[in-house]
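Undergrad: Mind having a look at this structure? Questions to follow.
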Amino acid sequence: MPHPSDMSEPSVPVVGVPVFDLSLLDAVEWLRGLQNESVDLLVTDPAYESLEKHRAVGTTTRLKHSKASSNDWFTVFPNSRFAELFAEAFRVLRPDTHFYLFCDAETMFIAKPEAEKAGFRFWKPLVWDKRTIGMGYHYRARYEFILFFEKGKRRLNDLGVADIIAVPRIHGGYPAEKPVAVSEVLVRQSSSAGELVADPFMGSGSVGVAALRLGRRFAGTDLNPQAVRIASDRLREFGAGREPDGLPPAPQPGLLELTDSPVSEPTL
């Protein structure tokens, strides 16, 4: 199957060119296979290491081990691998591009300096306000950070957008599923029509849905065959694409409901 790097040119969609390209690979391995400066925007949400701590003390009930738990859906990405992840992310991004990383408050202090060592400029943490209170003991969680990095210098498309993105969390979806509306803000701000958006931890493909909705192209990977199948099925609603061989035929019926919480537009 052709590699996602084959999709990096031209910058405007061409009839017959797939709008998405999916892989079933480790995130860093996948990035290493991409050409230098072939990606226009990178938005991703690793299964960061601190999830295990939350699970151990019972503050993340959706992530406890069960039939629909994260243990069966994704492998935790250790903090020790951030250096290689960010080095490859910096290499594959074109000059003057942006990189967004979803994370929690604990992971932020580990990820930020490693990304800066790789060459990124850190601007600020954005806040995803989930609008409803979550689990926890010491002030219950209602938000998540999105670290905003830059390679070179790129102007945001709309300087009037706030640094708090208020969108309800997903209920009953893929573990740690991010609402498409959140990713749409990032894609709209930091890319143009026809450009390539990438996600090396794509899960069920919400970043890809945001990219294709807005007329961009998408390339992504995940280690879970079922996740890649879900992502492919969602993205095919927007046009033809490529998927790896060996995927399961369909998600288990009723296991996950991949729908956003009822909201038409994010509150910015």
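The values are calculated or read from the model by the stated rules, or taken from the named source; none is laboratory data. Please read these numbers as outputs of a predicted model, since none were measured by experiment. Backbone-built Cβ (ideal geometry, glycine too); neighbour counts: all protein chains shown.
Undergrad: Which pairs have Cβ atoms under 7 Å, sit 6 or more apart or on different chains, and link a residue in the stretch 144-161 that is closer than 25 Å to Asp104 by Cα to one that is of a type outside the set (Val, Ile, Thr) and surrounded by fewer than 12 Cβ atoms within 10 Å (Cβ to Cβ)?
TA: Phe148/Lys124; Lys151/Pro95
Undergrad: With respect to Arg140, determine if the residue is more than 16 Å from the chain's Cα centre (by Cα) and either on the phi > 0 side of the Ramachandran plot or outside any loop (DSSP other than H, G, I, E, B) (or both).
TA: no
Undergrad: With the requirement that a residue be of a type outside the set (A, V, I, L, M, F, W, C) and either under 18 Å from the mean Cα position of the chain (by Cα) or modelled with pLDDT of 95 or more (or both), what does the stretch 6-23 give you?
TA: From the stretch 6-23, those of a type outside the set (A, V, I, L, M, F, W, C) are 6, 8-11, 13, 16, 18, 21, 23; that's our starting set.
Scanning the stretch 6-23 gives Asp21, Ser23.
Undergrad: Any residue that is in contact with a Lys or Arg (Cβ under 8 Å, 6 or more places away or on another chain), on the phi < 0 side of the Ramachandran plot, at pLDDT below 95 and part of a loop (DSSP other than H, G, I, E, B) - is there at least one of those in the stretch 24-38?
TA: no
Undergrad: Might you let me know whether the stretch 119-130 holds any residue that is of a type in the set (Gly, Ala, Ser) and out of contact with any strand residue (DSSP E or B) (no Cβ under 9 Å at 6 or more places or on another chain)?
TA: no
Undergrad: Lys117 fails exactly one of the following numbered conditions: (1) more than 18 Å from the chain's Cα centre (by Cα); (2) over 23 Å from Ala181 (Cβ atoms); (3) at pLDDT below 95. What is the number of that condition?
TA: (3)
Undergrad: Okay, next question. Only one of these is crowded, with 22+ Cβ neighbours inside 10 Å, in contact with a strand residue (DSSP E or B) (Cβ under 6 Å, 6 or more places away or on another chain), closer than 27 Å to Pro18 by Cβ and of a type in the set (Gly, Ala, Ser): Ser190, Ser206. Name it.
TA: So the residue among Ser190, Ser206 that is crowded, with 22+ Cβ neighbours inside 10 Å, in contact with a strand residue (DSSP E or B) (Cβ under 6 Å, 6 or more places away or on another chain), closer than 27 Å to Pro18 by Cβ and of a type in the set (Gly, Ala, Ser) is Ser190.
Undergrad: Hey, among the residues in the stretch 137-171 that are surrounded by fewer than 13 Cβ atoms within 10 Å (Cβ to Cβ) and modelled with pLDDT under 95, which one's farthest from Asp96 (Cα to Cα)?
TA: The selected residue is Tyr137.
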